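**Q** There's a structure below that I have some questions on.
FYI, it's all coordinate maths here, none of it is from the lab. On a predicted model such as this, the values are computed, not experimentally measured, just so you know. Glycine also receives a Cβ, built like all others from the backbone with ideal geometry; neighbour counts cover every protein chain displayed.
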Amino acid sequence: MNNLYCSLFIIALCIGLSNALVKEKNSVHFMNSLGGNNVLKIHCISDEDDLGEHLLKPGEIYEFSFYDSIMGTLINCDLWQGIEFRFHANFRAYEGGGLIGHYGKQNFWFSRDDGIYFTHGKDEPKLEYKWVYSVLDMAPSHY
């Protein structure tokens, strides 16, 4: 019985490796299309990794590639821009299929002055999220 499990494991491993070699990775792309000299700050977290903070000057691109997890892949991102990064957007930048994985799926996000635009690359980008103005209350509390 142990030989059967070992054989099945080796077969599954070989199939997985052969699929990984043939299949194209998914990718998420962010482009700073803001006017002026507005810097875009990006922080993304997947269900497996914290991808850290990235600062993009106008015209710069930040992108990353990955394979879908068998349990599904979720990538949530926060974007900030403007004076003291007071304009914010939070959204799901990618959602994978789990058992039915995606291969070669591309998500393009464009940060513009009026909001965040999205496309898979086949159509014109469409406005998905508006910037939210957030002011952190820096004054001391008096109780």
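**Q** On average over all directions, what projected area in square nanometres does the range 25-133 have, based on the convex hull of its Cα atoms?
**A** Quarter of the Cα hull surface area: 6.5 nm².
**Q** Hey, can you rank 124-134, 29-39 by average C-beta count inside 10 Å, highest first?
**A** Most protected by this proxy first, the peptides run 29-39, 124-134.
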